[in-house]
Each structure stands twice: as structure tokens, then as C-alpha cells.
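Colleague: So that we are looking at the same thing, I have put the structure below in C-alpha cells.
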Protein chains: 2
Amino acid sequence: MPTRPSSTELPVSSEPMIWHGWGDPGQRHGLPDGAEAFLADRIGELGGPTPPVALEDVRVGPSALTEAQRLALAEVVGAASVRDDHRTRVEHAGGKSYPDLVRRRAGEAVAAPDAVLLPADHDEVARLLAVCVSERIAVVPFGGGTSVVGGVEPERGPFDALVSLDLSRLDRLLHLDEDSRIAVFQPGLRGPHAEALLRERGYTLGHFPQSYAYATLGGYVATRSAGQASTGYGRIDDLVVGVRCATPEGELRLGHGAGSAAGPDLVSLLTGSEGTLGVLTEVALRVAPAPEVELHEAWVAPSFASGAATLRALVQAGVAPTITRLSDEEETATALAQQSRARTAALRRYLGLRGIETPCLMILGWEGTERRVERDRAATHEVLAERRLVRLGRRAGASWAKGRFQGPYLRDELMDRGVMVETLETAASWQRLGGLYLAVRRALQDTLEGRGTPPLVLCHVSHLYPSGASLYFTWVARQEHGAVLDQWHAAKRAASDAIVANGGTITHHHAVGTDHRAWMHDEVGPLGVAALRAVKERLDPVGILNPGKLLPLGPGDTLPRHGADHVAPS
Amino acid sequence: MPTRPSSTELPVSSEPMIWHGWGDPGQRHGLPDGAEAFLADRIGELGGPTPPVALEDVRVGPSALTEAQRLALAEVVGAASVRDDHRTRVEHAGGKSYPDLVRRRAGEAVAAPDAVLLPADHDEVARLLAVCVSERIAVVPFGGGTSVVGGVEPERGPFDALVSLDLSRLDRLLHLDEDSRIAVFQPGLRGPHAEALLRERGYTLGHFPQSYAYATLGGYVATRSAGQASTGYGRIDDLVVGVRCATPEGELRLGHGAGSAAGPDLVSLLTGSEGTLGVLTEVALRVAPAPEVELHEAWVAPSFASGAATLRALVQAGVAPTITRLSDEEETATALAQQSRARTAALRRYLGLRGIETPCLMILGWEGTERRVERDRAATHEVLAERRLVRLGRRAGASWAKGRFQGPYLRDELMDRGVMVETLETAASWQRLGGLYLAVRRALQDTLEGRGTPPLVLCHVSHLYPSGASLYFTWVARQEHGAVLDQWHAAKRAASDAIVANGGTITHHHAVGTDHRAWMHDEVGPLGVAALRAVKERLDPVGILNPGKLLPLGPGDTLPRHGADHVAPS
């Protein structure tokens, strides 16, 4: 059994995340050296420190649950598992999107659930749904609460009351079938906890989204998640072989563990359903032997386009590493700016001598048996050797691995300084990828420059398929005084329109939530939306499950405004 | 571009199959030497030759279409593309299941479409559906007509008239995106035709079901097909990245060519929908470079169980060959009986010296670049070398490849001699595979022995997944005089009950059709069926599309009796 330290070994915790930002503020390390000067040069001077308001100053309305409703819910789970204290309600008042944090940090009146329910098992979930149907209470299934697209917003729809169904007590590994390499989990396990349980037995799930420290297995499946190592292990869609699901109309148990032709794959219908069709209470996932070796290397490509062509060659030759990631010129420059000037200058000289003036950083990671990693790495290197890439080596690779889950903390640092930081992701066929990249970049740049807040737009490819790849954009700009959410709204909308106009999917792994639902008509057509709605109406006829998510509200639906636009820069 | 001959290079033909059996009778070569004696020993003496009745003696009722209906249909496609001659109607009177052939060979009154329509493009398909909705005419989408589960039975449901929508004129490769390795096809192309178009450009689809010579690409997708090389290239579910579909409620265009998290995967909802939700008019499929090398080898395992354990080791180590197939003891004995006695005896001696008394034949096939095949083959051999397998070599492998699409012709030979030949397939996790194998075998044996017609039951594994594998059963028995269909019914029902009771899927790649629909309640539960039905009702509210397929008729639905039981042995 492997004993080497792994970069995915994080503390197993069931503590809630800080209500106004990411994770555990104790893990924040300030802005990296050089970042402030670099940003000032690109987007203008950062603001002074503007911390969030105190928790008690976050305004939340009184709970709309009646006493009878509270009693009916408590009858199922016990009074201690029906929580409506201020802190718990604020902690469940949405996910971790930029607009979520803007509102919460400002202490603006935020929508919050009227209570947070903590069921212990499938039967309690099913019975809670029955109470909510008969009492007409909206239900938001809540896993890690890490959604960055409004997936756990407490949108009430037509209902007077809303509860958050927190699945954190459903946190067991129910069964590990080592012959078939299938593990059956309850949905509320967080990534590091699931991984620790598997590693004890010599296995890994191989699923490491950036939200890994807090996201749950049920959340992975409900949102069609992909992780940093999905090029190797497969996205969650590839790993899920079965689900158990509680719906207002009864239970679904789906999946056999191997290929089937028995009608459309209904496991796929639940995967990505974002809590709108039912509540996942068990997920059966493929696991792999825990790797003996994890090896990360950094390489440099002479341009984003040529680097992408190399990635395409790798994946189409069947020799893409487990982790494969390529930053564009801007993202690479931003990363280099966080090192010492001397080191960056030396690196630029080194690359210049090899004909590389606009370096694009490539991170490659192999996981598996020592033997296998050696063989696969040799096969990858062979393809790389035919192209003009330069190897930086393992130290730079290890440095990426060390910081692989730190990104969200940096957002908090920047928001403290009046900076908008937002990400979005898409994917397309290889043929359309270049055009899509340029169009989304241009949309973000034009929109934010037009508002007087020129952005820094970064991009990387992080998931490869033989037929295409993902693009992950990060943009950073000074917050627009007096129009913080309006500024976000304009940028997000322009980027989303550019995505669907250029052959991209509206989301590669963040899911739909509230923020992408208006583009579902572009994604699957009005009739595709209607087909999904038909399933929803059959499984949840009263419509209590996660209102306002996934399905557009109507043909004229648009990006939700997420509250008032007059929120001051935080 | 590869120029070596391939075992999948079959003549490109658009000729219909013979109405009473498989394909082109000119390709039949009689029973192999030794087969008759072997069978006589196992199941009893074969009957004398009993050929099918003449085509003109097959009884088909008059067309139920009114003249006005015929004119409305002809207005869309032209009068020449609305056919109702006797031959065309009989050729579309179902697929190629054993009960289909029993009835047609006997000349019993068979249900037949009232007309066969031959649209030329998507728009004609859509307009035909509109006519059929307003005229209340049932529509059976018809690709290659190779279904062995009743998938193209002309079941009318509540409608007075029924047409077969023959897609053979939609036979173009519309687009090949070489960067993304995606080809967009019309649905009516047969396997060899699609393959020839791709090979001209240096590509392959890599999809070779036994029905390859006649099955169509649209049929592959509509039935969630898997082919002989699917362990390497992936099943059709893995290859399909987009579809265009005409439904009575409008058009669906789905898929972007790369990973997405934009809600449940609706391409998966159309894949396996068996013409009940819409008519596929375009399919976007992943293609691979045409292999430089195709290399087949035969090996022998000492038992089915140990051979299966070896296959599991191969696929879980990521070194399973493109084609991986393992016959059980009976199937191997049956194959050996078709060789000369001297050769078989020599082989048994050779194996006996190596400790193998009950040989199980394993066929392994590698496809790819010369380099890649060499490397992959070495990796496979390494795993095989650790186990007690014996290599027979390439001649036996080539012999399998040569006959790979011949199986259905052998069925015709045997039906001519009063023998029932039927196949069925399932799949399960590795952990449940052994129990499933024994249970299905026992169900078939007990049922048919109990009726006085002891069967020969053969089985092989032919598709591997890290989590499980398929089982493909063939059974052969003397037809039961005066109860030919009743005999089939009893065996099929017993096997299907055994499958669902032992953790198997009711079908791994033949699809549901009429014959498996009663087990869909076991497969996905009543609520899963209800969810599918909700989609059906949204896309096809009048219910004209392929009535009686895929969805159970009700909770008490059962295996259809396929006509009268008094059909004489053919």
C-alpha cells in the first residue's frame, strides 16, 4: 500500500467554510510577492483593505417556517437537526460565487434558508421531502456549498418557505467492491474524507476539483464535475456507475456497474441534475488503485496555440498524462510575476535562447505504479521531443501541485482589496477551440475596458478529450464603484454570449445553477429544455426541488441580477 | 494511408437482406464439417431439410392506409418513395430475431407495415412525422432491420395504420473534422459503407457488431450498440458526441464535441431511445486513425473462471487489447468440433501436457500503428505470462477474424434443419459475473431439458470494462414440435428472469425492443420507466413513434408471444 505523501492529502474536516469567503481563513497567506505591483501595472492600483462586515451585521429576514412546519420537520430528523440560528442560515445562504461573496461581505440583505435540515440517511431524506411536498416548502440540497454558479441559492420560486437540506451527516463509505473497483458512498462526504477512506484500503477516486477540500461526492455527481486529474481518471460522468436518489415521487436505484443497452442511460439523466430531479443519497463510483507515484513536471510551449496543438497530439495518440494543463501567455506571465525578478529574468533568458519569447507554462502529472508512470512518461516525452517545447523540470511541477487547491483563497485576498476575481469555463471541439478562446477573451476585455476597468484575462486548458478540450478563464479587474454587481453582470453576460456563439458549451464543469440557466436554450434548444422539464414535472410535480436552477425560467430568462447593484465595493 | 487488407472490409451494398433469414444467402456455406455429428451427440438428431415457404406464400393483410393518407405521404417524398408492394412490406415486417424468422419462414400471417417510406433528408423525415401525427399513423424507424429483440416489429399500438420509415436514402458522410476526429453521418449508412468512406480519408469508426454488414449508424446509436472491438474503441455511447433528431414536436440538435456540465447529458437520452423519442437524422461520432496493423491471436485459458480473472487483470491494468473475447468450456468444445478430428486431438494433447483439460479459447486483437500495437501487445503478454495461459498463435486468431460476421448465416443453416438457435447478452460487475453466468446457464438448461429438448448452451465474454464485463449466450436445441414459439418463449423468459435476479442488465448491446420491455421495471424501476415515459409524452404526445418498444405496456406486461404457438417446426 502506498505510503508516499500525496499533494491531495488534505486535513479531513467537517467544519463549515467561513461564511464570507473560501474555506478556513487560517489557510490564507496574503498576496504573493510581486503580485500587487504586477496587478497595479495591468489593472490599476488596488484599493485599501476593505474587510467584510461582521457576521452579526449580515441582514437576514426572520424564518418564514411556521411552528407546525418546524415540528413536522423535527419529527423526521429530531429538533437538533432543524437549525435556524443566524450563523447556520448565513452559512447556507448560497454558494461561493463572486456575487454571493460580494453580497455577503457587504452585509446586504441576503436570501437565506428558513431552516437548515440535517438528515442522517436516505429514509430521513425521503420523509423530509414528503413533508416539504405537503407543506409546499422549497428544498435546496446542500453538499459542500462550493457552487460558483448559484447552484445552492435559496431561490424560493412560488413557495413561501425554503429549507436547505444539508447532507453532511450522510458521510459514510457504504461498500467497497475491490473485484469490480466500485465504491458506494453516501453523498455528503467531502473530497479529502472520501480519499482518506479509500487510501486506507489502497484506492483513490482520482477526482480533484479545485473545490476538493470542501466539495462533496454527491455534489460532484449532481454537477457533472471534472477534476484536475480528470484527463487521466475521467470526469465524474465517467466514474459514476450507479445512483440512489430520493424524489418526491419515490426512489430511483440505477446502474449495474457495467455496459448496458437497456434504453437511455438514466444514470446520466441524474448526473448533472443539480438537485432539481431528486436528492442523491448514494453514489456508486469507480475507483482506481492508489498511485505508488505522483510525478509533476513543468514544460514551456512557445505559444498557447502551439501548446494546445501539442496537447491535442498527446491525447489523440493516447499518451496524455493524468494531469495536463496549459496556461496561455497572460496566465504564464502572471505566474512568473509571483517569483523573484532575478529568477524570472534568468528563466526568460534561458527560454529566449531556445527561441521562446512568449512562454506558455504546461504542467504534466503522471500517477500510477512506478513502472507504469515510467512507461507512460517516456511515451509522452517522445511526443514532446518532436515539438519545440522546453522542459523546466520537477521543481516547478511540484510547486504547482503544492498550490493546487489554493486559488480560492487568493480571491478572498483580492476582494479585500476591491478587486473583482471571477472564473468561467467552457469546452469545445479542437477545431473550434482557438476561435472560442479569442472570442471569450475579447468579450471580457471589451466589456470591462468599456466600463473603465481594464481586466487581466487569463486562460488555461485543463481537461483533454480526443475530440476537444476545456478552456478555463480567470479575469481580474478593479471593482466598479457603485456598480459592483452590474459590472460583473455585464462581463459574465458578454462572455456567455460569446461562448454559445462560438461553439462552446456554457459550462465544462461548474454546472448551470442560476447563472447559466438562461443559456440552456442555446445549449440544448427549447425542445431539449422541454424534455428536461417533463422529467422534472414527473419526479417533482409540485416543483419543490431547487427552484430556479438548471432550467430557464422562460424564453426571456436572463442572468439573474443577484440583488441590488448599489452594493459598494467591498 | 493504410493499404493492408482488413477483416472488416466487406462489400458495400444497399441490397435488402433476404426476407426469411440473414443477409445474402450466397454467403452461406452449409454446416461446418463435424458440426452435425457434434450436435446430434449434444441435442439429438437434426431434422431433414425444411426450407422456408416461397415469398408469395407469406400472408400479409391488405394495406390499411387510405388513399388520402398515401397521397399526403407521397406529397412529401414522391410517389416512388411510398412503397407497398408485397416484397417490400415483407422485407420490413420485423427484424431478424428467432421468432421473426420462425414466423416468416412458416409463411404465417405476419404483421407488416402498410407502406414503406423512403425519405431523402431530415426535412422529409420531419414532414412525414407531421403527416403521421395528423393522420394518426404509427411510425417504425427502420435502419438495417437487423434487430434481434423486436425493435422494428410493426406494432400498431392504438393506431389503425403503420408505416416503416426506411432511412436507407440518408446515407451520406456529411462532414469529417480531422482536427477533432469527429465525423457527422446521416443515419442510414451501413457499417461497411461508413467504414469505406472513412478509410478513404485514413480513419475508422472502430465499430463492428456482428450485424456490421447490414446494421446502420443510426441503428447503432438508437440501440446503444457495442461491437467486437468496443473494448478498444469504446461502445457507441462512448463514440457519439452529437445527434440531430426529428421529433413530432420539433427538432433536437445536441452535443458540442467535448465535455460539458450543462445539465444532464441529453445526447445520452437519445442514445438508446430506439426510435421511441424521435428519428435520428444525423449522428456525430468520434473516429480514430485507420489502423496500420490488425493482429489477432488465440490463447487458451484453463477454465472460464480463470480466463475471466485474466481479462479482469488486463482491463484493470489498462492493457486490454482492442478485441478481447473469451469462450467458455462448451463454446470452445463446439469450436474445436468444427475442426478435423486429428487436429483437435493433437491440440488437446498439446494443451493436456500444459495442464489444460477443459480449454477456454481467448481471442485477442490489437489495432493501431505498428509501433503502438507492438508496445501494447508486449504489455498484454506480460500479464498473460504471469498466468497459466497457453498461446495458440496468429493462425487461430486470423481464423476467428475471417469468420467474425458469419454467425447469423449459421443460424439459417440450423433453422433449415429444425433447430432453434438463439442468443442473448447481459453484463454485470466483475463481482457478480460468475454467479450471473451460472444462473443464466442453469435457467436455459433446466427450462429446455424440462421440455424434452436438451440444449447446448455456449457463452463468451466479449466486452470488458474496468468495473465488469458482458456475457453473450448462444443456445441451440431441437425445435419443439407444435410449440416452436412457446419453447422459445419459455427459455427466453427463464433466462431474462435469471438475469435480473442476479445483478445483470437485461441487455448489454441488443437493446430492449419488444422482447426486453417487460424487464425494464426491474432494470430502472417503475419510477425510471415513468421518467422515460414523461420524455416520450413530451416529444411524441400522440405516441406514433415505434409503439410497443422500450417502454413496458404496463405493470403486468410480459414477453410478447409473437403470434400463434402452433407454428410447425420450420
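Colleague: Tally up the residues in segment B:270-297 that are more than 9 Å from chain A (Cβ to nearest Cβ), farther than 30 Å from A:Val267 by Cβ and part of a strand (DSSP E or B), please.
Modeller: 5
Colleague: Continuing with the same structure: Taking segment B:237-267 as the search range and keeping residues that are in a loop (DSSP other than H, G, I, E, B) and more than 7 Å from chain A (Cβ to nearest Cβ), which one is modelled with the highest pLDDT?
Modeller: Among them, the one singled out is B:Pro248.
Colleague: Another question, if that's okay. Could you tell me whether segment B:398-407 includes any residue that is farther than 25 Å from B:Glu297 by Cα and out of contact with any Asp or Glu (no Cβ under 9 Å at 6 or more places or on another chain)?
Modeller: Scanning segment B:398-407, I find no residue that is farther than 25 Å from B:Glu297 by Cα and out of contact with any Asp or Glu (no Cβ under 9 Å at 6 or more places or on another chain), so the answer is no.
Colleague: Another question, then. Any residue that is among the hydroxyl-bearing types (Ser, Thr, Tyr), within 12 Å of chain B (Cβ to nearest Cβ) and over 18 Å from the mean Cα position of the chain (by Cα) - is there at least one of those in segment A:173-181?
Modeller: yes
Colleague: Would you point out which residue out of B:Ala106, B:Ala115, B:Ala72, B:Ala54 is touching a strand residue (DSSP E or B) at 6+ places or on another chain (Cβ under 8 Å) and of a type in the set (A, V, I, L, M)?
Modeller: On inspection, the qualifying residue turns out to be B:Ala115.
Colleague: Another question, if that's okay. Give the residues of segment A:465-475 that are surrounded by 24 or more Cβ atoms within 10 Å (Cβ to Cβ) and more than 30 Å from B:Leu239 (Cβ to Cβ), sorted by residue number.
Modeller: A:Trp475, the sole residue that qualifies.
Colleague: Since A:Val476 meets every condition but one in (1) more than 10 Å from chain B (Cβ to nearest Cβ); (2) in a loop (DSSP other than H, G, I, E, B); (3) β-branched (Val, Ile, Thr), which condition does it not meet?
Modeller: Condition not satisfied by A:Val476: (2).
Colleague: Then there is this: If you scan segment B:528-570, which residues turn out to be assigned to a helix (DSSP H, G or I) and either at pLDDT below 95 or open to solvent by less than 20 Å² (accessible area, probe 1.4 Å) (or both)?
Modeller: Residues satisfying the conditions are B:Gly528, B:Val529, B:Ala530, B:Ala531, B:Leu532, B:Ala534, B:Val535, B:Leu539.
Colleague: Among the residues of segment A:400-431, count how many are at pLDDT below 95 and in contact with a His (Cβ under 7 Å, 6 or more places away or on another chain).
Modeller: 2
Colleague: Checking A:Val300 against (1) more than 8 Å from chain B (Cβ to nearest Cβ); (2) over 25 Å from the mean Cα position of the chain (by Cα); (3) farther than 30 Å from A:Gly34 by Cα, which single condition isn't satisfied?
Modeller: Every listed condition holds for A:Val300 apart from (3).
Colleague: Let me ask you something else. Test A:Pro455 against the stated conditions and say whether it is over 26 Å from A:Arg442 (Cβ atoms) and either among the basic types (Lys, Arg) or touching a residue at least 60 places away in the same chain (Cβ under 8 Å) (or both).
Modeller: no
Colleague: Do we have any residue at all in segment B:79-95 that's among the β-branched types (Val, Ile, Thr) and either surrounded by fewer than 16 Cβ atoms within 10 Å (Cβ to Cβ) or under 22 Å from B:Gln406 (Cβ atoms) (or both)?
Modeller: no
Colleague: Residues that are within 14 Å of chain B (Cβ to nearest Cβ) and open to solvent by 30 Å² or more (accessible area, probe 1.4 Å): list the helices (runs of 4 or more DSSP H) wholly contained in segment A:386-464 that include at least 2 such residues.
Modeller: A:430-450
Colleague: May I ask you to list pairs of residues, at least six apart or on different chains, whose Cβ atoms are under 7 Å apart, with the first in segment A:487-504 being farther than 14 Å from A:Gln445 by Cα and the second being crowded, with 21+ Cβ neighbours inside 10 Å and among the basic types (Lys, Arg)?
Modeller: Note: pairs meeting the criteria are A:Asn502/A:Arg432; A:Gly503/A:Arg432.
Colleague: Sticking with this structure for a sec: Taking the stated definitions as given, is A:Val60 closer than 18 Å to A:Ala106 by Cα, buried (at least 19 other Cβ atoms within 10 Å of the Cβ) and hydrophobic (A, V, I, L, M, F, W, C)?
Modeller: No.
Colleague: Just give me the residues in segment B:337-384 being under 28 Å from the mean Cα position of the chain (by Cα) and within 30 Å of B:Phe38 (Cβ to Cβ), in sequence order.
Modeller: B:Ala337, B:Gln338, B:Gln339, B:Pro359, B:Cys360, B:Leu361, B:Met362, B:Ile363, B:Leu364, B:Gly365
Colleague: Quick check: anything in segment B:480-495 open to solvent by less than 20 Å² (accessible area, probe 1.4 Å), within 14 Å of chain A (Cβ to nearest Cβ), out of contact with any strand residue (DSSP E or B) (no Cβ under 8 Å at 6 or more places or on another chain) and on the phi < 0 side of the Ramachandran plot?
Modeller: no
To keep it simple, each residue is scored yes or no on (1) of a type in the set (D, E, K, R); (2) in contact (Cβ under 8 Å) with a residue 24 or more places away in the chain.
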| residue | (1), (2) |
| --- | --- |
| B:Glu9 | yes, yes |
| B:Ser14 | no, yes |
| B:Ile18 | no, no |
| B:Gly23 | no, yes |
| B:Gly26 | no, no |
| B:Asp33 | yes, yes |
| B:Ala40 | no, no |
| B:Ile43 | no, yes |
| B:Thr50 | no, yes |
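Colleague: Does B:Val512 satisfy the criteria of being in contact with a Gly (Cβ under 8 Å, 6 or more places away or on another chain) and either facing chain A (nearest Cβ under 8 Å) or in a helix (DSSP H, G or I) (or both)?
Modeller: Considered against the rule, which asks whether it is in contact with a Gly (Cβ under 8 Å, 6 or more places away or on another chain) and either facing chain A (nearest Cβ under 8 Å) or in a helix (DSSP H, G or I) (or both), B:Val512 comes out as yes.
Colleague: Still on this structure, please answer the following. Mind checking which residues of segment A:246-265 are more than 25 Å from B:Trp430 (Cβ to Cβ) and under 26 Å from the mean Cα position of the chain (by Cα)?
Modeller: A:Ala246, A:Thr247
Colleague: Within segment A:11-43, can you find the residues that are closer than 29 Å to A:His193 by Cβ, modelled with pLDDT of 90 or more and open to solvent by less than 50 Å² (accessible area, probe 1.4 Å)?
Modeller: Across segment A:11-43, the qualifying residues are A:Met17, A:Ile18, A:Trp19, A:His20, A:Gly21, A:Trp22, A:Gly23, A:Gly30.
Colleague: How about segment A:224-258: which of its residues are crowded, with 24+ Cβ neighbours inside 10 Å and of a type in the set (Lys, Arg)?
Modeller: Once the filter is applied, which keeps residues that are crowded, with 24+ Cβ neighbours inside 10 Å and of a type in the set (Lys, Arg), segment A:224-258 yields A:Arg224, A:Arg235.
Colleague: For segment B:286-297, how many residues are of a type in the set (Asp, Glu) and open to solvent by less than 20 Å² (accessible area, probe 1.4 Å)?
Modeller: 1
The values are calculated or read from the model by the stated rules, or taken from the named source; none is laboratory data. Everything numeric here is computed off the predicted structure, so don't read it as measured data. All Cβ positions, even for glycine, are placed from backbone atoms using ideal geometry, and neighbour counts span all protein chains on display. Side chains are part of the model used for accessible areas, which takes the heavy atoms of the whole protein and leaves out ligands, DNA and RNA. Shrake-Rupley method; radii C 1.70, N 1.55, O 1.52, S 1.80 Å.
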